[in-house]
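The values are calculated or read from the model by the stated rules, or taken from the named source; none is laboratory data. Given the structure is predicted, the values throughout are model-derived calculations rather than measurements. Virtual Cβ from ideal backbone geometry, glycine too; neighbours counted across all protein chains shown. For accessibility, only protein heavy atoms count, side chains too; no ligands or nucleic acids. Shrake-Rupley method; radii C 1.70, N 1.55, O 1.52, S 1.80 Å.
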Amino acid sequence: MSFAELGLIPELLRAVEDAGYSEPTPIQRQAIPIVLEGRDVMGGAQTGTGKTAGFTLPLLQKLARWANTSTSPARHPVRALVLAPTRELAMQVHESVQTYAKHLTLRSACIYGGVDIKPQLAELRRGVEIVVATPGRLLDHVEQRSIALGQVEIVVLDEADRMLDMGFIPDIRRILGLLPQQRQSLLFSATFSEEIKKLADTMLQNPQLIEVARRNTVSETITHRVYPANANIKRELLTWLLHDDRNASQVLVFVATKTYCARLARQLQKDGISADAIHGDKNQQQRTEALEGFKSGQIRVLVATDVAARGLDIDDLPYVVNFELPHTAEDYVHRIGRTGRAGKQGNAVSLVAPEEQIRLSAIEKLIKLKIPQETVAGFDIAATPDSTRRILRNQAADRRAHIAPDGFDFSRPYSVQPESETETASASRPNPLKRPIRPVAALLGGSGR
Ligand code: AMP
């Protein structure tokens, strides 16, 4: 099936073609005709399924009749509102809106907190048909009377389960109360709890349910791996894995806390790996810079907390690493939803300490999959920080001695500190792991080691 068969107008078909999409994804095939019909939608879809275009394309088509080039703000009232739980997701959805609306004269704005409100005020004052917003900042604008929502025709609640986790539901209810009763409403969520269903009952009228993957399931293109390891050697294991597989070119690493997020990024840098951190204590500019650096390939490893990583859309992200398993099994689904997108191959690697076994079992039950376990020689459950650092120094020496440079910078000194003078790494020492350094990405993807 083609996008044209879904009844999209030429301006949108051109935009889709420009984006390089050859055919609609399953959620797009389902959602586009239903939204065009004007029906409310309850969509069960993870990120990575193409859901953003699934709601954005028909939304734009419905607003296309209002497109105009007038400079009068009165001719550009807010007609569509998309609510997203995080600034990053809001920015990404807004990017999609801009991509697909490029051949239409519709205006859009992205409204989120943590940045100066004044440029947003100016933008809203000029008039915009589409607003993508996080709930808190939107309500700030409502209070300042810089936005009027009385002419909204379509509202989209994206990642509703995240909104719930982040405590946004009261804000959402307030915002919904400001919208006209007569409107079209779409709600998307990767998981459906009782609370989400309750919200859907109040927000949606006779909704059409669309679901692409079974709830709480993960993409089949993802290879899952567990590396059992005590917490005190996880950092060394990660360093080893990253150095061993240079084809793991973009790696998103999840950690539990903001403090450890920054610390791990610094430690990886010390280990000669380009890394940055993205967490809630960073200001918006720092977060955007880290994300941009990661997307452009300047930064190889992005260490993130769940909140900061929510909704991140990075094309072709090959690896996600759970440095610790998340406390709720659903978060595993969210985390690894950043890889294996749109039919591409992805790798989900988890470093699991014995005390995390209960979480692992809950995850396996939820995704209905027994995750294969692997061990790296020397980094097993009996390993100590001292023994693993020794191996790392040998790995570093081995790299310096053996790998032909192909643009990869091995000239930086390897900085894992020796425990004693006699332990200094030597290039002539044979690799205790007794394995050649493989040129291809067998590692995290599972090589049957
Ligand atoms: P989403 O689930 O909306 O976060 O989208 C995931 C990724 O799939 C994004 O990078 C989109 O650019 C991409 N995408 C969306 N629709 C299509 C399509 N029909 N064909 C190929 N890629 C797509």
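Being farther than 18 Å from Gly44 by Cβ and not hydroxyl-bearing (Ser, Thr, Tyr) narrows it down to one residue among Asp201, Asp161, Asp165, Asp171; which is it? Spell out the reasoning first.
On the way: Asp201 fails: farther than 18 Å from Gly44 by Cβ; Asp161 fails: farther than 18 Å from Gly44 by Cβ; Asp165 fails: farther than 18 Å from Gly44 by Cβ.
Answer to the check: Asp171.
Which residue out of Asp306, Asp271 is over 26 Å from Val333 (Cβ atoms) and touching a residue at least 40 places away in the same chain (Cβ under 8 Å)?
Working: Asp306 fails: over 26 Å from Val333 (Cβ atoms).
The unique qualifying residue is Asp271.
Return the residues of region 357-376 that are part of a loop (DSSP other than H, G, I, E, B), open to solvent by 60 Å² or more (accessible area, probe 1.4 Å) and of a type in the set (A, V, I, L, M, F, W, C); say none if nothing qualifies.
Leu369
Between a first residue in region 63-89 that is over 17 Å from Leu124 (Cβ atoms) and a second residue that is part of a strand (DSSP E or B) and among the charged types (D, E, K, R), which pairs have beta carbons less than 6 Å apart while being 6 or more apart in sequence or on different chains?
none
Scan region 322-348 for residues that are of a type in the set (D, E, K, R), part of a loop (DSSP other than H, G, I, E, B) and modelled with pLDDT of 80 or more and jot them down.
First pass over region 322-348, keeping only residues of a type in the set (D, E, K, R): 324, 330-331, 335, 338, 341, 344.
Keeping just the survivors that are part of a loop (DSSP other than H, G, I, E, B) gives 324, 338, 344.
Passing the criteria: only Glu324.
Got a sec? Which of Ile27, Ile9 is of a type outside the set (Gly, Ala, Ser), under 29 Å from Val307 (Cβ atoms) and either more than 25 Å from the chain's Cα centre (by Cα) or near the ligand (Cβ under 8 Å from one of its atoms) (or both)?
Details: Ile9 fails: under 29 Å from Val307 (Cβ atoms).
Result of the check over Ile27, Ile9: Ile27.
Looking at region 132-144, I want the residues that are under 18 Å from Val156 (Cβ atoms) and have a partner that is open to solvent by 10 Å² or more (accessible area, probe 1.4 Å) and of a type in the set (Lys, Arg) with Cβ atoms under 7 Å, at least 6 apart or on another chain. Which pairs are those?
Filtered contacts from region 132-144: Thr134/Arg87; Leu139/Arg174.
Can you go through Leu36, Leu6, Leu12 and tell me which one is touching a helix residue (DSSP H, G or I) at 6+ places or on another chain (Cβ under 6 Å), open to solvent by less than 60 Å² (accessible area, probe 1.4 Å) and farther than 27 Å from Asn206 by Cα? I'd like the intermediate steps shown before the answer.
On the way: Leu36 fails: farther than 27 Å from Asn206 by Cα; Leu6 fails: farther than 27 Å from Asn206 by Cα.
The match here is Leu12.
Looking at Ala84, Ala101 in this structure, which one is under 18 Å from the mean Cα position of the chain (by Cα) and buried (at least 16 other Cβ atoms within 10 Å of the Cβ)? Working first, answer last.
Numbers: Ala101 fails: under 18 Å from the mean Cα position of the chain (by Cα).
Just a single option satisfies the conditions, and that option is Ala84.
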